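Each remark here refers to the structure printed beneath this line.
The values are calculated or read from the model by the stated rules, or taken from the named source; none is laboratory data. None of these values were measured; they are calculated from a predicted model. Neighbour counts are summed over all protein chains in view; Cβ atoms, including those assigned to glycine, are modelled from backbone coordinates with ideal geometry. Protein only, heavy atoms only, side chains kept; ligands, DNA and RNA dropped before computing areas. Shrake-Rupley method; radii C 1.70, N 1.55, O 1.52, S 1.80 Å.
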Amino acid sequence: MQKSSQPVYNLEITQALQEFHTSRSGLTNHEAARRRQEHGPNALPVHKQPVWRRIVEPFASVFVGMLVIAFIISIIGGHVADAIIVGIVVGINAIVYYAQQYSVDKALKSLRDHDITYAPTLRDGTTTHIPSEELTYGDIVHMNEGMKIPADGRIITASQLECDEALLTGESIPVHKHAAAISGEVPIYSQHNMVFKGTYIKSGSGLML
């Protein structure tokens, strides 16, 4: 969506709004749906493994491969007891692996669900609370004290706005934010006209693009 070679924090507010083809009253619902269709949801992509790979994976290590070979040799050699023991070891290893993968997948899903918040967003000039996953380029979002930032954004209005960015910087001191353009190239911790997904509004209020 952004075509300028300049970072968005270098742009004046009117330039940033033009760059993202939006206005202070936000997108229309129709345009927001079109952009969401084009760019996808405001969420990290989930890469799912094919089922066959999940099934084969616990047998893909060198150790298990050697056990499988030992199992085959035992069968061919008529050592049924040895084959049964090796088969049990391979089976238990596979069961433990599948159980661990299920637990990991369940934990990741829980984290993803927990990450979804409802953002007060301007659509068709009216404030609507929408799931953070449905935000898209050009949306205008209200920021209020205690709010978790639902997406990276350029501040377009700020009233005594301070953010807790310890998640990014490790610093516990709130960062004062403003809406003015910043010149030059600056590191993320000095981009004081920007807010970042997962950080929190410590005090004040404002609007973000």
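Consider the candidate values (1) 0.98; (2) 1.07; (3) 1.24; state which one is Rg/Rh (Cα atoms, Kirkwood Rh) computed from the structure displayed.
(3)
Expressed as a whole percent, how much of the Cα-Cα distance distribution for the stretch 1-96 exceeds 15 Å?
On the way: 3434 of 4560 pairs.
Counting pairs separated by more than 15 Å, the tail of P(r) holds 75 percent.
Sequence neighbours fewer than 8 away in the same chain don't count; with that in mind, list the lysines whose C-alpha is under 21 Å from LYS177.
Straight-line reach from LYS177, under 21 Å: LYS148, LYS197, LYS202.
Heavy-atom accessible area per residue, the chain, 1.4 Å probe: how many Å²?
Details: 12700 Å² over 209 residues.
With the other protein chains kept in place, the chain gives 61 Å² per residue.
Given +1 on the Cβ of Lys and Arg, -1 on the Cβ of Asp and Glu, and no further charges, what dipole in debye does the chain carry about its Cα centre, rounded to the nearest 20? Let's see the in-between values first.
Values: 17 positive and 20 negative charges, 83 e Å.
That gives a dipole near 400 debye.
Heavy atoms only, probe 1.4 Å: what % of the accessible area of the chain goes to carbon and sulfur, would you let me know?
Numbers: 7750 of 12700 Å².
C and S fraction of accessible area: 61 percent.
Comparing HIS21, HIS30, HIS129, which has the greatest mean-square fluctuation in the GNM of the chain with Cα pairs linked when under 10 Å apart?
HIS30
Where does helix 29-39 land angle-wise versus the long Cα axis of the chain, in degrees 0 to 90, nearest 10?
In the chain, helix 29-39 runs at an angle near 40 degrees to the longest axis.
Among HIS129, ALA181, VAL86, which residue has its Cα positioned farthest towards the positive end of the charge dipole of the stretch 54-198, with +1 placed on the Cβ of Lys and Arg, -1 on the Cβ of Asp and Glu, and the dipole taken about the Cα centre?
So the residue furthest toward the plus end is VAL86.
Can you give me the long-range amide H partners of LEU161? Hydrogens built in the peptide plane at 1.01 Å from N, cutoff under 5 Å, separation of 5 or more residues or another chain.
LYS177, SER205
Between 0 and 90 degrees, rounded to the nearest ten: what's the tilt of helix 80-115 against the longest Cα principal axis of the chain?
Taking the Cα atoms of the chain, the angle to 80-115 is about 10 degrees.
Nearest 10 degrees, 0 to 90: what angle lies between the long axis of helix 62-76 and the longest principal axis of the chain (Cα atoms)?
That works out to roughly 30 degrees.
At 1.4 Å probe size, with no ligands or nucleic acids counted, give the accessible surface of TYR200 in Å², nearest ten.
Rounded to the nearest 10, the figure is 100 Å².
Can you return the lysines within cross-link range of LYS106? Criterion is Cα-Cα under 18 Å, with same-chain partners fewer than 8 residues away left out.
Those lysines meeting the cut-off are LYS48.
What relative contact order, as a whole-number percentage, does the chain give when Cα pairs under 8 Å and 6 or more residues apart are counted?
25 percent
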